[in-house]
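Working notes, structure below.
The values are calculated or read from the model by the stated rules, or taken from the named source; none is laboratory data. Here the structure is a predicted model, which is why all the values come from computation and not from measurement. Here the Cβ positions follow ideal geometry from the backbone for every residue, glycine too, while neighbour counts run over all protein chains shown. Accessible surface areas use protein heavy atoms only, side chains included; no ligands, DNA or RNA. Shrake-Rupley method; radii C 1.70, N 1.55, O 1.52, S 1.80 Å.
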Amino acid sequence: MSTTTAAVPTVKLFIDGKPVESTSSEWREVINPATQEVLARVPFATAAEVDRAVASAKAAFKTWKKTPIGTRARIFLKYQQLIRENMKELAAILTAEQGKTLPDAEGDVFRGLEVVEHAAGIGNLQLGELANNVASGVDTFTLLQPLGVCAGITPFNFPAMIPLWMFPMAIATGNTFVLKPSEQDPMVTMRLVELAHEAGIPPGVLNVVHGGPDVVNAICDHPDIKAVSFVGSTRVGTHVYNRASQAGKRVQCMMGAKNHAIVLPDANKEQSLNAIAGAAFGAAGQRCMALSVVILVGEANDWLPELVEKAKTLKVSGGSEPGTDVGPLVSCAALDRVSGLIERGIQEGASLALDGRNPQIAGYAKGNFVAPTIFAGVTAQMTIYREEIFGPVLCVMHAKTMDEAIEIINANPNGNGTALFTRSGAAARHFKEEIDVGQVGINVPIPVPVPMFSFTGSRGSKLGDLGPYGKQVVQFYTQTKTVTERWFDENEVGGAVNTTIHLK
Ligand code: NAD
């Protein structure tokens, strides 16, 4: 917890359309991971502050749910424009507090912006169904009605994109929202919340509370919150899913991963190795869709030295330095964890083909840096294979055939993403059919779907049926009400009493 002086700015809560200084006695520092500079202090909101945020959202729901769909859509049209106009500023805040490179920070904002654009098209998304004449004079149709107050809990690794996965679609469908950003990097999220209000989100429709486990538990338990979206680790996501479900809420949790790529010997070597190095080491491996395992099939095993050479060419430095490929890890704790896992890999017998520990980075002596690291000869029993490392560490395995590689992937408990590199359409088709992972790339290393689709991680990487954004999230944030109606013709002669279940 913080020992900082009052000169450091404080991150505000956001309640009832206004920034609010927390009265909490518990604070933590937001730290630049490349320099250890303290950027701000963030409060762990009190129980009363969480209640205030939820009460504000509950009151705002009464009018927001009746706001015409076109009015809601136009706010998001304006919002996407404001995000574009402020892109450079947003990326700079993000890089300072999270560490990723400036171009990657713009990518983080951009992938969220795409969801905002999608929310602006809500008129074509929140559509019910109608069947005419289901019995004589009877029509049946569905209404997709908002649920009420929804809440979002987000991780540190995409502090722009993941909040934008959540509140725009929840609000566009007529709900109000309470957001709990990551306490490690809440500043870009807060700037996005300010811009949302500048775009016309009315007071109370979008509120923000900061904090850790206590605030998350309060959200899970709160009787006035109807649905919870969570993105983060498997351990916390499982807890949130169980606790919020027990409290009767609708819950969706996107969680940890171990994403494998298979490389067949017929693949385009240059393009495949470039794609793999980018997806393994970009954002310092801190992406839930990072490729953290590569299975080289048959003679593709001989490509390991070239993969190592490519990884060596990546520039490791502060995220705001031009030309940087790999920035720092988010925190000193993350650095210790990743370094410990590399140590463990060596102890358990994996062969360290590229050692990225303790790189000396000019001008950034205090940064949390690990350079690209590659282990060869990795087996499914090793800790570096079983755990999500969430750092720039790639595990390389070998398989004799594609089917053997598919078996390895299907035996892994996670199911976020996977990729196949090949020139063979037949191999690609076989892979798509047999692989038990929710998001599949063919010669695409990070197959995160654009927002007209939904994010469809599966198995151990997800709890709940419906994913973020796209059509699935419209279902998640609405209750389907089915209406069956008959209008009597004034001239119709009333028949006899009918006691059967059948409508005629
Ligand atoms: P995290 O689980 O530590 O934190 C996520 C959120 O939960 C934060 O807001 C945090 O404050 C809160 N939290 C932390 N500990 C808690 C506890 N004990 N009780 C209640 N709440 C708690 O995750 P992180 O380290 O911020 O993010 C990295 C993880 O997120 C990785 O596992 C990554 O794979 C995952 N992730 C998944 C996806 C996906 O779509 N599947 C996307 C991004 C990140």
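Given the conditions (1) in a helix (DSSP H, G or I); (2) over 22 Å from the mean Cα position of the chain (by Cα), and given that Gln80 satisfies all but one, which numbered condition is not satisfied?
(2)
Inspect all residues belonging to the stretch 146-161 and state whether any of them is modelled with pLDDT of 95 or more, touching a helix residue (DSSP H, G or I) at 6+ places or on another chain (Cβ under 9 Å) and part of a helix (DSSP H, G or I).
yes
Could you please find all residues in the stretch 228-252 being over 18 Å from the mean Cα position of the chain (by Cα) and either within 15 Å of Ala151 (Cα to Cα) or surrounded by 22 or more Cβ atoms within 10 Å (Cβ to Cβ) (or both)?
Arg243, Ala244, Ser245, Ala247, Gly248, Lys249
Determine the pairs where a residue that is basic (Lys, Arg), located within the stretch 419-440, has a partner that is open to solvent by less than 20 Å² (accessible area, probe 1.4 Å) with Cβ atoms under 9 Å apart, the partner being 6 or more residues away or on another chain.
Arg423/Leu264; Arg423/Ala267; Lys432/Leu420
Among the listed residues Thr95, Thr154, Thr140, which satisfies the condition of being of a type outside the set (A, V, I, L, M) and surrounded by fewer than 23 Cβ atoms within 10 Å (Cβ to Cβ)?
Thr140
Quick one: would you say Leu329 is open to solvent by less than 10 Å² (accessible area, probe 1.4 Å) and within 21 Å of Ile409 (Cα to Cα)?
No; evaluated as a whole, the condition is false for this residue.
Please state which of the following conditions Gly137 fails to meet, knowing it meets all the rest: (1) at pLDDT below 95; (2) within 24 Å of the chain's Cα centre (by Cα).
(2)
Evaluate the stretch 202-212: report whether one residue or more is open to solvent by 10 Å² or more (accessible area, probe 1.4 Å) and over 30 Å from Ala419 (Cα atoms).
Yes, the stretch 202-212 contains at least one residue that is open to solvent by 10 Å² or more (accessible area, probe 1.4 Å) and over 30 Å from Ala419 (Cα atoms).
Just checking, does the stretch 384-400 include any residue being within 16 Å of the ligand (Cβ to nearest atom), under 30 Å from Phe177 (Cα atoms), of a type outside the set (A, V, I, L, M) and out of contact with any Leu (no Cβ under 9 Å at 6 or more places or on another chain)?
no
Just give me the residues in the stretch 55-77 being part of a helix (DSSP H, G or I) and open to solvent by 50 Å² or more (accessible area, probe 1.4 Å), in sequence order.
Ala55, Lys58, Ala59, Lys62, Thr63, Ile69, Thr71, Arg74, Leu77
Just need a number here: residues in the stretch 7-25 that are open to solvent by 80 Å² or more (accessible area, probe 1.4 Å) and assigned by the TED database to the domain that holds Pro203.
5
Looking only at the stretch 184-197, how many residues end up being open to solvent by less than 10 Å² (accessible area, probe 1.4 Å), within 16 Å of the ligand (Cβ to nearest atom) and part of a helix (DSSP H, G or I)?
Residues meeting the conditions: 4.
Looking only at the stretch 306-326, which residues are open to solvent by 30 Å² or more (accessible area, probe 1.4 Å), in contact (Cβ under 8 Å) with a residue 40 or more places away in the chain and in a helix (DSSP H, G or I)?
Selection gives Lys312 alone.
Condition first: within 16 Å of the ligand (Cβ to nearest atom), closer than 23 Å to Ala257 by Cβ and open to solvent by less than 50 Å² (accessible area, probe 1.4 Å). Can you find one or more residues in the stretch 424-434 that meet it?
No, because not a single residue in the stretch 424-434 is within 16 Å of the ligand (Cβ to nearest atom), closer than 23 Å to Ala257 by Cβ and open to solvent by less than 50 Å² (accessible area, probe 1.4 Å).
Being within 16 Å of the ligand (Cβ to nearest atom), in a helix (DSSP H, G or I), touching a Gly at 6+ places or on another chain (Cβ under 9 Å) and within 27 Å of Ala34 (Cα to Cα) is the requirement here; does Ala283 meet it?
So Ala283 fits the description; yes.
Can you say whether Pro181 is open to solvent by less than 10 Å² (accessible area, probe 1.4 Å) and within 11 Å of the ligand (Cβ to nearest atom), as far as the supplied structure shows?
yes
Every residue in the stretch 36-54 that is out of contact with any strand residue (DSSP E or B) (no Cβ under 8 Å at 6 or more places or on another chain) and surrounded by fewer than 18 Cβ atoms within 10 Å (Cβ to Cβ), please.
Gln36, Ala47, Ala48, Asp51
Could you run through the stretch 382-405 and say how many residues are surrounded by fewer than 23 Cβ atoms within 10 Å (Cβ to Cβ), under 23 Å from Arg357 (Cβ atoms) and not hydrophobic (A, V, I, L, M, F, W, C)?
Of the residues in that region, 5 qualify.
Could you check the stretch 343-379 and list, in sequence order, the residues that are under 21 Å from Ile276 (Cβ atoms), not in a loop (DSSP other than H, G, I, E, B) and not hydroxyl-bearing (Ser, Thr, Tyr)?
Within the stretch 343-379, Gly345, Leu352, Ala353, Leu354, Ile374, Phe375, Ala376 qualify.
So Val483 passes all but one of these: (1) open to solvent by 50 Å² or more (accessible area, probe 1.4 Å); (2) in a strand (DSSP E or B). Which condition number does it fail?
(1)
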